[in-house]
Every structure is written in C-alpha cells, then in structure tokens.
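J.: For reference, the structure I am asking about is given below.
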Amino acid sequence: MRGFLASSIGVTCAAALALPLTLPSSGARAVTPATQSPAQRSAESVPGSTQSLPLISFGSDRSQGGGASREQGLHQREVKPFSLVGVIWDNPDDELNGSVQVRTRASGTGTWTAWQPVETHNHEHAADPDAEERASGRIRGSTAPLWVGDSDGVEIRVRGEAAEQRSDPALHRGEAAQHSGDAVEHRASAGSPAAAGQALPAGLRLELVDPGAEPPPQGSRPKGAPEALTAETAAASAVNADLAPLGADAIPPLSKKKTESDLIAARGGPEEAAGKARPYVGPRPRIITRKGWGANEKLREKKFAYTRTVKAAFVHHSASGNNYRCSQAGSVLRSIYRYHVKSSGWRDFGYNFAVDKCGNIYEGRAGGVAKPVLGAHTLGFNTNSTGIAVLGSFGYSNPPAAAVNAIARLTAWKLGLYGANPRGSTYLRSGGGNLYTKGKNVRLHVISGHRDGFATECPGIRLYKKLGKARSTSARLQGR
C-alpha cells in the first residue's frame, strides 16, 4: 500500500508519467504508451459536437434600470441533431436565480415535448475556490445538463426571479449537518446583480450537445488487427494497467479474497503477508472504463491531478433526468463529459465515478480508479474525497435498488483501499462554500450526500434517504 499511495500523494503529473503503482490483479499486464506501435498511436476521430446559441431578450425590466432583461430564450427552431441541453453564462460566480424550461423535437418525428425544467444550480458541482482548475480562466456558470434524447428542434425560455421569491436551498435539506451537530454557519452573499434579482447573468447561451456515435465494442476488430489508441487514450488507460490490460473496456471484478490478498501484497510487511492482518475491503466491482463508454480523451486536460487520500465519498445525482435506457448510458456520459469540459470549462468530467439505473459502474475523471483522483464534484470538499454520480434525478423519483447497491459495492472497495469505514464518520477541511466557511474542520459521514457539504437539493431527497442502506451494505461487504 505504501507504493500504491506514494504514486499519487499530492501531485499533478503528466499523463505519460502517471503509470500506476496500484493493486496487482491476475491477468493484468502493465503496458506503457511508449510500447505501442505507430498504428496503435494513430489519431482517432473526434466524436460528438456542441452547438452554442446565444439567447435573445424577450423583454426588459425597466424598474431595475438599464433595461436589464429578466426573460431570455429562443423561439422554436430547427437545429443539428443533439441529445443533451444546458445553459451557460460568462461569470461562474453569478447565479442564475430563476427558471429554465426547454421543449425539444424528437428527430424525424415533428413531435414536440412538453416544457421540461432544467436544474439551474450547478455551481456547487465544481472545483474548490482555490483549486488550479477553478483559476484557469475558462470556467463558466452553468445549469445542470438535461438529457432529452435524439432531437433536432429546440425552444427555450429563461425567466429571472426576484430575490424575495427565492427560497434558501438549505430549507429543502431539513437534515443540514444533523449528524455533526454543526450549525449552518455561512450563507453565500447576494453580491452580484444576478443574485440580487436585478437581471439574468450576462452571456447566456444554450448548449446543445451531440454525444457522437457509440464506440465499437471490444473484440469487434478483425482477428489479429491491433487496436488503434491515441496517446491520450493510452495514457488514460495506462493508469489502470495493473487492474486491466491497456485499452480494456472494463476492469473485471475480483472476489473478496483476491481483493484482500492484492491489498495485503501492495501494503507489504511480514505480518500482512502472513495473513495476520486482514484488511476491511469489499470485492472489487466491475468498472466500465473511460474507453468503454467512449470518452474522447482529446477533450480533457492531459495532466492528472491527485489529492492525498480518500476519506469520504460524496453521492450525487446528475440531475439530467431519468428518461434514458441503460444502453444509452455511454451516450449520456459522453454528453455530460463534453458539457463539463467544452461548455462549463472544467478540466475533465467532474465526478470520479458514475452509476446508471441498472447498477453499472463507470470510471469518471481520468487518473486511475484506485487512485485518489482530485475531482470537481462537491464545492469545498473535493480534497481527500471521491464523488459518485447516479445518472438521473431523484427529487421526486425513487432511485432503483440496483443503483443503490452499486453505490454500496463501489464504496466498499474504494473506501476499503484507504481504510475508511462506510458506517463511520470523518473530518474534512472545508475549502469554502455556502454551508461551511473556508478552513472549518467538518465532521461528515464517510458516505455523505452532496447536501451534507453544500446547501443544495443534490442528490435528491429520495436518493439521500437511501444512503443509510448504502452505508450498512457497504460495511457488510467490507466484512465489518
């Protein structure tokens, strides 16, 4: 374990140098990008696209001065095919206080949907205020993305809301810091014009994302033909090379016994090797890799960023809606990934892992599934934590049992690698947010909901209420 942790403690390293010192598993073969043939390093086509359309004013509110518009949008129009929508704006510190609604037309049918709401508060899923990613100058404000399926027409309306009409998101939480006894100490100030209800944020644009075609399944190549991987794809795969062969579509599951023995071997030492100290770790679940869901590795930043350890897991919902089939999960992930990077300006996919409604587990942000990869999932608490997003919206819909079970299986393994008890609590230092001041040492569940660290409705009250079951199942899988 010492070598495993030493490879990723507090560093940001070039992809070509980020070869893992992780847990060995049977059948895995460590291959570096340098060992590939020129054919294997040939360029891949870039899948997907984004249409970015500026919104127009539907009127002005003269009482606010300067003719500032409180309603913007686009009337029905035909566009190139897309499957996911979102709205972005110039300043990430501005909030879109109001409502966003969209209608879309299913491709080739002429049938328009009813108006659908888009979750407007997405800034809490982001890099910490002082993080290098936040200071890149590329970050934009953004709504949550909404999956609408294959569409070729769109209509949108965005309406501002007066400050007195808005409610504190923490009031929707009810359980704010109930497990820690810490009172809500801090509320974000309403310093910007948008926060004061004077106008909508500047630079509103509608983002229409096409996820691109599904990648060919592994094994579909002619027999003996080498797989062509770009250097970026090879690097993203190489950090998992001790868990699966280079270019694998999935990291295979391991039994609990094999997972334990691999962890003992990684830790070293005569007592552990003799089997005198068995670790509390769950069996490694099957994890679909970034290559498996078709991530275009040319979109993200080349470097990987790591934190020191993993003390907690934050559970989220993607707020992208439940209207997808599990066979479409790769398309949903590619769309969210493109939206996070190209539209919102993040360095990579925000979450460390994703789970679909059928319980499939996916690798999220690049850097290695067993490593403490620094994500952008819980504003203020990305350091020493991992983020898991269930694809869907669970404010009014119950999460499928398969998804809750997947959270338990994933956390039993991932937290077990770092000695964390899923039933326990831990302390994380706040990097700043609307619930805890910067520098506050906060006691949190080892498996927490997003709302435990930030005043937000995420992961939806229906999913949040299932976290107790996830904790107990995860602990049982660890052998506790």
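J.: I'd like the residue in segment 451-479 that is assigned to a helix (DSSP H, G or I) and in contact with a Gly (Cβ under 8 Å, 6 or more places away or on another chain) and, out of all such residues, is surrounded by the most Cβ atoms within 10 Å (Cβ to Cβ).
T.: The first filter runs over segment 451-479 and keeps only residues assigned to a helix (DSSP H, G or I), leaving 451-452, 461-464, 467-478.
Checking the rest, the ones that are also in contact with a Gly (Cβ under 8 Å, 6 or more places away or on another chain) come to 461-464, 467, 474, 477-478.
On the way: Ile461: 17, Arg462: 16, Leu463: 26, Tyr464: 24, Leu467: 22, Ser474: 30, Leu477: 23, Gln478: 24.
Across segment 451-479, the extreme among qualifying residues is Ser474.
J.: So which strands (runs of 3 or more DSSP E) stay within segment 53-126 end to end and still have 2 or more residues that are farther than 25 Å from Asn434 by Cβ and at pLDDT 95 or above? Even if it seems obvious, please write down each step before you answer.
T.: Working: elements: 71-89, 98-106, 116-118.
So the answer is 71-89, 98-106.
J.: What number of residues within segment 362-385 satisfy the criterion of being farther than 14 Å from Ile288 by Cα and in a strand (DSSP E or B)?
T.: The total comes to 2.
J.: Please work out which residue is surrounded by the most Cβ atoms within 10 Å (Cβ to Cβ), limiting yourself to segment 311-357 and to residues that are over 16 Å from the mean Cα position of the chain (by Cα) and not polar (S, T, N, Q). Even if it seems obvious, please write down each step before you answer.
T.: Filtering segment 311-357 down to residues over 16 Å from the mean Cα position of the chain (by Cα) leaves 311, 322-328.
With not polar (S, T, N, Q) added as a condition, the list becomes 311, 324-326.
Working: Lys311: 23, Tyr324: 19, Arg325: 12, Cys326: 15.
Step by step, filter segment 311-357, then rank; the result is Lys311.
J.: Quick one: would you say His340 is out of contact with any Pro (no Cβ under 7 Å at 6 or more places or on another chain) and not aliphatic (A, V, I, L, M)? Walk me through it before giving the result.
T.: Details: out of contact with any Pro (no Cβ under 7 Å at 6 or more places or on another chain): yes; not aliphatic (A, V, I, L, M): yes.
Taking the combined requirement at face value, the residue satisfies it.
J.: May I ask you to list pairs of residues, at least six apart or on different chains, whose Cβ atoms are under 6 Å apart, with the first in segment 319-344 being outside the structural domain of Arg134 (by TED's automatic domain parsing) and the second being in a helix (DSSP H, G or I) and not acidic (Asp, Glu)?
T.: Once the first residue is outside the structural domain of Arg134 (by TED's automatic domain parsing) and sits in segment 319-344, its partners that are in a helix (DSSP H, G or I) and not acidic (Asp, Glu) give Tyr324/Val332; Gly330/Trp293; Leu333/Trp293.
J.: Report yes if Tyr324 is under 27 Å from Leu428 (Cβ atoms), outside any strand (DSSP E or B) and aromatic (Phe, Trp, Tyr), otherwise no.
T.: Values: under 27 Å from Leu428 (Cβ atoms): no; outside any strand (DSSP E or B): yes; aromatic (Phe, Trp, Tyr): yes.
In short, no.
The values are calculated or read from the model by the stated rules, or taken from the named source; none is laboratory data. Small disclaimer: the values here were computed from a predicted structure and weren't measured. Methodologically, a virtual Cβ is constructed for each residue, glycine included, from the backbone with ideal geometry; neighbour enumeration extends over all protein chains shown.
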